[in-house]
Amino acid sequence: ADWRRLPSARAGVDALSRDRRQVVVFLDYDGTLTPIVSDPAAATLSDRMRAAVSKLARRATVAVVSGRAREKLRGFVKLPELYYAGSHGFDIDGPGGLRHTVSTEVVPVLGAARDLLETRLRGVAGASVEDNRFSVSVHWRNVSEENRPAVEAVVDGVLAEAPFADALRKAQGKCVYELRPDVRWDKGEAVLYLLELLRRRASDFEEYGDGEDSDDGRDADAPPPPPPGNGDDATIAPGEWYRSVLPIYVGDDVTDEDAFKALKPFGALSVLVEPSAQKATERPRATHATHTLRDVDDVQAFVEALSCSFR
(Lines give C-alpha, C1' and ligand atoms only; values in the text may rest on other atoms or scores of the structure.)
Protein backbone atom coordinates (compact mmCIF):
# COMPACT_ATOMS: atom_id res chain seq x y z
CA ALA A 1 0.00 0.00 0.00
CA ASP A 2 1.02 3.63 -0.50
CA TRP A 3 1.54 5.10 2.97
CA ARG A 4 0.13 8.44 1.78
CA ARG A 5 -3.29 6.82 1.39
CA LEU A 6 -3.49 5.05 4.76
CA PRO A 7 -5.85 6.17 7.56
CA SER A 8 -4.64 7.69 10.82
CA ALA A 9 -4.16 5.26 13.69
CA ARG A 10 -5.70 7.78 16.07
CA ALA A 11 -9.03 7.44 14.29
CA GLY A 12 -9.21 3.79 15.31
CA VAL A 13 -8.55 4.15 19.03
CA ASP A 14 -12.26 4.23 19.91
CA ALA A 15 -12.74 0.90 18.15
CA LEU A 16 -9.86 -0.56 20.17
CA SER A 17 -11.73 0.25 23.38
CA ARG A 18 -14.39 -2.24 22.26
CA ASP A 19 -11.84 -4.87 21.24
CA ARG A 20 -11.50 -7.58 23.87
CA ARG A 21 -8.13 -8.84 22.65
CA GLN A 22 -5.00 -8.48 24.77
CA VAL A 23 -2.87 -5.65 23.38
CA VAL A 24 0.88 -6.07 22.88
CA VAL A 25 2.61 -2.86 21.77
CA PHE A 26 5.94 -2.66 19.94
CA LEU A 27 7.55 0.77 19.58
CA ASP A 28 10.53 1.85 17.50
CA TYR A 29 12.73 4.50 19.13
CA ASP A 30 14.38 7.04 16.79
CA GLY A 31 11.78 8.86 14.70
CA THR A 32 8.95 7.30 16.71
CA LEU A 33 9.38 7.95 20.42
CA THR A 34 11.87 10.76 19.86
CA PRO A 35 12.69 12.97 16.86
CA ILE A 36 15.62 12.03 14.66
CA VAL A 37 18.52 14.35 15.47
CA SER A 38 21.87 15.03 13.81
CA ASP A 39 23.78 13.66 16.81
CA PRO A 40 22.57 10.10 17.60
CA ALA A 41 23.83 10.42 21.19
CA ALA A 42 21.46 13.37 21.75
CA ALA A 43 18.24 11.46 20.97
CA THR A 44 16.89 11.64 24.51
CA LEU A 45 13.31 10.78 25.43
CA SER A 46 11.08 13.60 26.62
CA ASP A 47 9.50 13.38 30.07
CA ARG A 48 6.02 13.54 28.55
CA MET A 49 6.67 10.66 26.18
CA ARG A 50 8.23 8.62 28.99
CA ALA A 51 5.14 9.23 31.14
CA ALA A 52 2.83 8.24 28.28
CA VAL A 53 4.70 4.98 27.62
CA SER A 54 4.88 4.21 31.34
CA LYS A 55 1.10 4.63 31.66
CA LEU A 56 0.55 2.37 28.66
CA ALA A 57 2.87 -0.28 30.15
CA ARG A 58 0.61 -0.47 33.22
CA ARG A 59 -2.22 -1.57 30.94
CA ALA A 60 -0.49 -3.58 28.19
CA THR A 61 2.73 -5.38 27.36
CA VAL A 62 5.15 -2.88 25.79
CA ALA A 63 8.44 -3.53 23.98
CA VAL A 64 10.89 -1.08 22.40
CA VAL A 65 12.42 -2.45 19.19
CA SER A 66 15.33 -0.53 17.71
CA GLY A 67 18.61 -0.68 15.86
CA ARG A 68 20.20 0.93 18.91
CA ALA A 69 22.21 -1.15 21.35
CA ARG A 70 20.00 -2.60 24.06
CA GLU A 71 21.95 -0.87 26.84
CA LYS A 72 21.59 2.50 25.09
CA LEU A 73 17.85 1.96 24.73
CA ARG A 74 17.47 1.25 28.42
CA GLY A 75 19.53 4.32 29.22
CA PHE A 76 17.34 6.54 27.03
CA VAL A 77 13.93 5.15 27.99
CA LYS A 78 14.53 4.43 31.70
CA LEU A 79 11.47 2.20 32.14
CA PRO A 80 12.61 -1.15 33.59
CA GLU A 81 9.20 -2.77 33.18
CA LEU A 82 9.44 -2.84 29.35
CA TYR A 83 10.91 -5.41 26.99
CA TYR A 84 13.90 -4.14 24.99
CA ALA A 85 14.99 -5.53 21.62
CA GLY A 86 18.21 -3.78 20.63
CA SER A 87 20.39 -4.11 17.53
CA HIS A 88 17.33 -4.91 15.38
CA GLY A 89 16.35 -7.70 17.77
CA PHE A 90 19.71 -9.45 18.03
CA ASP A 91 19.87 -8.54 21.74
CA ILE A 92 16.69 -8.81 23.85
CA ASP A 93 15.91 -8.53 27.54
CA GLY A 94 12.86 -7.93 29.67
CA PRO A 95 10.80 -8.84 32.72
CA GLY A 96 11.13 -12.26 34.30
CA GLY A 97 14.88 -12.46 33.73
CA LEU A 98 14.61 -12.60 29.94
CA ARG A 99 17.96 -12.36 28.17
CA HIS A 100 18.20 -13.56 24.59
CA THR A 101 20.92 -12.98 22.03
CA VAL A 102 21.48 -14.11 18.45
CA SER A 103 24.88 -14.58 16.76
CA THR A 104 27.06 -13.68 19.73
CA GLU A 105 30.02 -15.29 17.98
CA VAL A 106 29.95 -12.50 15.36
CA VAL A 107 30.38 -9.69 17.92
CA PRO A 108 34.23 -9.67 17.66
CA VAL A 109 33.95 -9.48 13.86
CA LEU A 110 31.60 -6.51 14.19
CA GLY A 111 34.09 -4.85 16.54
CA ALA A 112 36.85 -5.25 13.97
CA ALA A 113 34.58 -3.84 11.24
CA ARG A 114 33.75 -0.86 13.45
CA ASP A 115 37.46 -0.07 13.97
CA LEU A 116 38.20 -0.33 10.25
CA LEU A 117 35.23 1.85 9.31
CA GLU A 118 36.23 4.53 11.81
CA THR A 119 39.73 4.61 10.31
CA ARG A 120 38.60 4.76 6.68
CA LEU A 121 35.83 7.32 7.28
CA ARG A 122 37.96 9.66 9.35
CA GLY A 123 38.47 11.95 6.37
CA VAL A 124 34.76 12.17 5.44
CA ALA A 125 33.26 15.18 7.19
CA GLY A 126 29.95 14.44 8.90
CA ALA A 127 30.24 10.64 8.80
CA SER A 128 30.04 8.80 12.12
CA VAL A 129 30.22 5.19 13.23
CA GLU A 130 28.05 3.87 16.07
CA ASP A 131 28.77 0.62 17.87
CA ASN A 132 25.53 -1.20 18.72
CA ARG A 133 27.40 -4.37 19.77
CA PHE A 134 25.35 -6.70 17.54
CA SER A 135 25.43 -4.24 14.64
CA VAL A 136 27.47 -1.28 13.44
CA SER A 137 25.74 1.87 12.17
CA VAL A 138 27.38 4.24 9.70
CA HIS A 139 25.50 7.55 9.82
CA TRP A 140 25.69 9.85 6.80
CA ARG A 141 22.89 12.37 7.48
CA ASN A 142 25.45 15.12 8.10
CA VAL A 143 27.61 14.25 5.08
CA SER A 144 27.51 16.60 2.09
CA GLU A 145 25.69 15.38 -0.99
CA GLU A 146 28.86 15.00 -3.04
CA ASN A 147 30.58 12.88 -0.37
CA ARG A 148 27.75 10.44 0.32
CA PRO A 149 28.76 7.97 -2.42
CA ALA A 150 32.19 7.79 -0.79
CA VAL A 151 30.60 6.63 2.47
CA GLU A 152 28.80 3.75 0.79
CA ALA A 153 31.97 2.86 -1.13
CA VAL A 154 33.87 2.53 2.15
CA VAL A 155 31.12 0.37 3.68
CA ASP A 156 30.99 -1.87 0.61
CA GLY A 157 34.77 -2.10 0.54
CA VAL A 158 34.93 -3.29 4.15
CA LEU A 159 32.19 -5.86 3.54
CA ALA A 160 34.11 -7.26 0.58
CA GLU A 161 37.13 -8.12 2.73
CA ALA A 162 37.79 -11.12 4.95
CA PRO A 163 36.57 -11.92 7.55
CA PHE A 164 33.64 -9.58 7.00
CA ALA A 165 32.50 -10.90 3.61
CA ASP A 166 31.34 -14.24 5.02
CA ALA A 167 29.97 -12.96 8.33
CA LEU A 168 28.21 -9.62 7.79
CA ARG A 169 25.62 -8.04 5.52
CA LYS A 170 24.59 -4.47 4.77
CA ALA A 171 21.15 -3.03 5.46
CA GLN A 172 19.87 0.51 5.03
CA GLY A 173 17.80 2.82 7.17
CA LYS A 174 17.18 6.55 7.22
CA CYS A 175 20.55 8.07 6.30
CA VAL A 176 22.36 5.11 7.81
CA TYR A 177 24.07 1.93 6.64
CA GLU A 178 23.89 -1.01 9.02
CA LEU A 179 26.33 -3.90 9.23
CA ARG A 180 24.67 -6.93 10.84
CA PRO A 181 25.39 -10.65 11.22
CA ASP A 182 24.49 -12.41 7.97
CA VAL A 183 21.71 -14.55 9.44
CA ARG A 184 17.94 -14.70 9.13
CA TRP A 185 17.03 -12.35 11.93
CA ASP A 186 15.57 -8.83 11.99
CA LYS A 187 12.88 -6.79 13.73
CA GLY A 188 10.21 -9.10 12.30
CA GLU A 189 11.86 -12.20 13.73
CA ALA A 190 12.30 -10.39 17.06
CA VAL A 191 8.62 -9.49 17.45
CA LEU A 192 7.58 -13.04 16.53
CA TYR A 193 10.00 -14.32 19.15
CA LEU A 194 8.53 -12.02 21.80
CA LEU A 195 4.95 -12.96 20.92
CA GLU A 196 5.77 -16.65 21.19
CA LEU A 197 7.54 -16.03 24.50
CA LEU A 198 4.44 -14.28 25.85
CA ARG A 199 2.24 -17.16 24.67
CA ARG A 200 4.42 -19.73 26.41
CA ARG A 201 4.47 -17.68 29.59
CA ALA A 202 0.67 -17.38 29.47
CA SER A 203 0.47 -21.15 28.94
CA ASP A 204 2.80 -21.75 31.91
CA PHE A 205 5.40 -23.34 29.64
CA GLU A 206 9.05 -23.59 30.49
CA GLU A 207 10.48 -20.30 29.23
CA TYR A 208 12.30 -20.45 25.93
CA GLY A 209 15.17 -18.08 25.38
CA ASP A 210 15.28 -17.02 29.04
CA GLY A 211 18.45 -16.91 31.05
CA GLU A 212 21.63 -14.90 30.91
CA ASP A 213 23.11 -14.65 27.43
CA SER A 214 20.96 -17.41 25.97
CA ASP A 215 21.20 -18.03 22.25
CA ASP A 216 18.47 -20.12 20.70
CA GLY A 217 20.65 -21.29 17.83
CA ARG A 218 18.51 -19.73 15.11
CA ASP A 219 21.52 -18.22 13.43
CA ALA A 220 20.78 -19.72 10.03
CA ASP A 221 17.99 -21.98 8.90
CA ALA A 222 15.87 -22.69 11.97
CA PRO A 223 12.14 -22.02 11.56
CA PRO A 224 10.41 -19.00 13.13
CA PRO A 225 8.22 -19.35 16.22
CA PRO A 226 5.00 -21.35 15.68
CA PRO A 227 2.34 -19.49 13.68
CA PRO A 228 -1.26 -19.28 14.90
CA GLY A 229 -2.38 -22.89 14.85
CA ASN A 230 -2.88 -25.86 17.11
CA GLY A 231 -0.65 -28.75 17.88
CA ASP A 232 1.21 -28.85 21.20
CA ASP A 233 0.40 -29.63 24.81
CA ALA A 234 -0.10 -26.04 25.99
CA THR A 235 -2.84 -25.20 28.49
CA ILE A 236 -3.92 -22.60 25.95
CA ALA A 237 -3.69 -23.84 22.36
CA PRO A 238 -1.41 -21.64 20.21
CA GLY A 239 -4.18 -20.66 17.81
CA GLU A 240 -6.49 -19.70 20.66
CA TRP A 241 -3.87 -17.51 22.31
CA TYR A 242 -2.84 -15.75 19.09
CA ARG A 243 -6.48 -15.01 18.27
CA SER A 244 -6.83 -13.39 21.68
CA VAL A 245 -3.96 -10.95 21.06
CA LEU A 246 -3.81 -7.70 19.09
CA PRO A 247 -0.22 -6.71 18.21
CA ILE A 248 0.37 -3.01 17.61
CA TYR A 249 3.65 -1.91 16.05
CA VAL A 250 4.64 1.73 15.57
CA GLY A 251 7.77 2.67 13.60
CA ASP A 252 9.08 5.09 11.01
CA ASP A 253 12.02 3.37 9.31
CA VAL A 254 12.32 0.96 6.39
CA THR A 255 13.73 -1.56 8.89
CA ASP A 256 10.31 -1.57 10.58
CA GLU A 257 8.80 -3.02 7.41
CA ASP A 258 10.14 -6.44 8.48
CA ALA A 259 7.96 -6.22 11.60
CA PHE A 260 4.93 -4.88 9.73
CA LYS A 261 5.15 -7.82 7.34
CA ALA A 262 5.75 -10.42 10.05
CA LEU A 263 2.74 -9.28 12.08
CA LYS A 264 0.32 -9.08 9.17
CA PRO A 265 -1.02 -12.67 9.59
CA PHE A 266 -2.00 -11.81 13.17
CA GLY A 267 -4.33 -8.96 12.19
CA ALA A 268 -1.91 -6.42 13.66
CA LEU A 269 -2.32 -2.67 13.72
CA SER A 270 0.91 -1.64 11.96
CA VAL A 271 1.53 2.08 12.16
CA LEU A 272 4.02 3.99 10.03
CA VAL A 273 5.21 7.34 11.35
CA GLU A 274 5.21 9.52 8.25
CA PRO A 275 8.39 11.23 7.07
CA SER A 276 8.33 15.01 7.05
CA ALA A 277 7.77 16.75 3.74
CA GLN A 278 11.49 17.55 3.55
CA LYS A 279 12.47 13.91 4.15
CA ALA A 280 9.74 12.12 2.20
CA THR A 281 12.29 10.75 -0.24
CA GLU A 282 14.11 8.90 2.57
CA ARG A 283 11.67 6.00 2.43
CA PRO A 284 9.68 4.24 -0.32
CA ARG A 285 5.99 4.92 -0.71
CA ALA A 286 5.11 1.23 -0.56
CA THR A 287 4.59 -0.15 2.94
CA HIS A 288 3.18 -3.14 4.82
CA ALA A 289 1.69 -0.75 7.40
CA THR A 290 -2.08 -0.47 7.88
CA HIS A 291 -2.20 3.03 9.41
CA THR A 292 -0.06 6.14 9.84
CA LEU A 293 0.75 8.84 12.38
CA ARG A 294 2.11 12.24 11.38
CA ASP A 295 5.10 12.65 13.69
CA VAL A 296 6.46 12.03 17.19
CA ASP A 297 3.85 14.34 18.75
CA ASP A 298 1.13 12.32 17.02
CA VAL A 299 2.70 9.12 18.38
CA GLN A 300 2.54 10.55 21.89
CA ALA A 301 -1.12 11.48 21.44
CA PHE A 302 -1.82 7.96 20.13
CA VAL A 303 -0.04 6.30 23.06
CA GLU A 304 -1.95 8.49 25.52
CA ALA A 305 -5.27 7.75 23.83
CA LEU A 306 -4.48 4.05 23.69
CA SER A 307 -3.79 4.01 27.44
CA CYS A 308 -7.16 5.64 28.11
CA SER A 309 -8.99 3.17 25.85
CA PHE A 310 -8.56 0.27 28.30
CA ARG A 311 -11.47 -0.32 30.61
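The residues listed here are Leu306, Leu263; of these, the one that is assigned to a helix (DSSP H, G or I), over 19 Å from the mean Cα position of the chain (by Cα) and either under 18 Å from Arg21 (Cβ atoms) or modelled with pLDDT under 95 (or both) is Leu306.
Checked against (1) assigned to a helix (DSSP H, G or I); (2) under 23 Å from Gly89 (Cα atoms); (3) of a type outside the set (A, V, I, L, M), His288 meets all criteria but (1). Against the definition (part of a loop (DSSP other than H, G, I, E, B), surrounded by 13 or more Cβ atoms within 10 Å (Cβ to Cβ) and either modelled with pLDDT of 50 or more or out of contact with any Cys (no Cβ under 8 Å at 6 or more places or on another chain) (or both)), how does Pro228 come out, yes or no? Taking the combined requirement at face value, the residue satisfies it. Pairs meeting the criteria (first residue in the stretch 263-277 and on the phi < 0 side of the Ramachandran plot, second residue of a type in the set (A, V, I, L, M, F, W, C) and assigned to a helix (DSSP H, G or I), beta carbons under 7 Å, at least 6 apart or on different chains) are Leu263/Val191; Leu269/Ala9; Ser270/Phe260; Ser270/Leu263; Val271/Ala9; Leu272/Trp3; Val273/Val299; Glu274/Trp3. The single condition from (1) closer than 16 Å to Ser66 by Cα; (2) surrounded by 21 or more Cβ atoms within 10 Å (Cβ to Cβ) that Asp131 fails is (2). When you go through (1) touching a residue at least 40 places away in the same chain (Cβ under 8 Å); (2) open to solvent by 20 Å² or more (accessible area, probe 1.4 Å); (3) over 15 Å from the mean Cα position of the chain (by Cα) one by one for Val23, which number turns out not to apply? That leaves (2) as the condition not met.
The criterion of being touching a Ser or Thr at 6+ places or on another chain (Cβ under 6 Å) and over 22 Å from Leu179 (Cα atoms) does not hold for Ser87.
The combined condition, being assigned to a loop (DSSP other than H, G, I, E, B) and modelled with pLDDT under 95, is fulfilled by Arg20. Based on what the data block shows, is Ser46 open to solvent by 10 Å² or more (accessible area, probe 1.4 Å), within 30 Å of Ala153 (Cβ to Cβ) and of a type in the set (Ser, Thr, Tyr)? In short, no. Please specify each residue of the stretch 168-183 satisfying the condition of being more than 15 Å from the chain's Cα centre (by Cα), under 30 Å from Ala125 (Cβ atoms) and open to solvent by 20 Å² or more (accessible area, probe 1.4 Å). Selection gives Arg169, Lys170. The sole residue among Glu257, Glu240, Glu274 that is among the acidic types (Asp, Glu), within 21 Å of Leu27 (Cβ to Cβ), more than 15 Å from the chain's Cα centre (by Cα) and at pLDDT 70 or above is Glu274. Filtering Ala289, Ala301, Ala305 for residues that are under 16 Å from Trp3 (Cα atoms), touching a residue at least 12 places away in the same chain (Cβ under 8 Å) and open to solvent by less than 70 Å² (accessible area, probe 1.4 Å) leaves a single hit, Ala289.
One residue stands out in the stretch 184-204 among those that are more than 30 Å from Ser38 (Cα to Cα) and part of a loop (DSSP other than H, G, I, E, B): the one that is most open to solvent (accessible area, probe 1.4 Å), namely Asp204. For the residues Arg59, Arg70, Arg48, Arg133, the requirement of being touching a residue at least 60 places away in the same chain (Cβ under 8 Å) and touching a Gly at 6+ places or on another chain (Cβ under 6 Å) singles out Arg70. Where in the stretch 37-138 are there helices (runs of 4 or more DSSP H), lying wholly inside it, with at least 3 residues that are under 20 Å from the mean Cα position of the chain (by Cα) and not aliphatic (A, V, I, L, M)? Qualifying helices (runs of 4 or more DSSP H): 70-77.
Applying the condition of being out of contact with any strand residue (DSSP E or B) (no Cβ under 6 Å at 6 or more places or on another chain) and among the hydroxyl-bearing types (Ser, Thr, Tyr) to the stretch 269-286 and asking which residue is most open to solvent (accessible area, probe 1.4 Å) yields Thr281. For the stretch 62-72, the criterion of a residue being among the basic types (Lys, Arg), more than 23 Å from Gln172 (Cβ to Cβ) and at pLDDT 95 or above is satisfied by no position. Selection over the stretch 148-166 of residues that are in contact with a strand residue (DSSP E or B) (Cβ under 7 Å, 6 or more places away or on another chain) and buried (at least 17 other Cβ atoms within 10 Å of the Cβ) gives a count of 3.
The values are calculated or read from the model by the stated rules, or taken from the named source; none is laboratory data. Just so we're clear, the structure is a prediction, and the values are computed from it rather than from any experiment. Reconstructed Cβ throughout: ideal geometry from the backbone, glycine too, with neighbour counts over all protein chains shown. The area values use the complete protein model at the heavy-atom level, side chains included, leaving out ligands, DNA and RNA. Shrake-Rupley method; radii C 1.70, N 1.55, O 1.52, S 1.80 Å.
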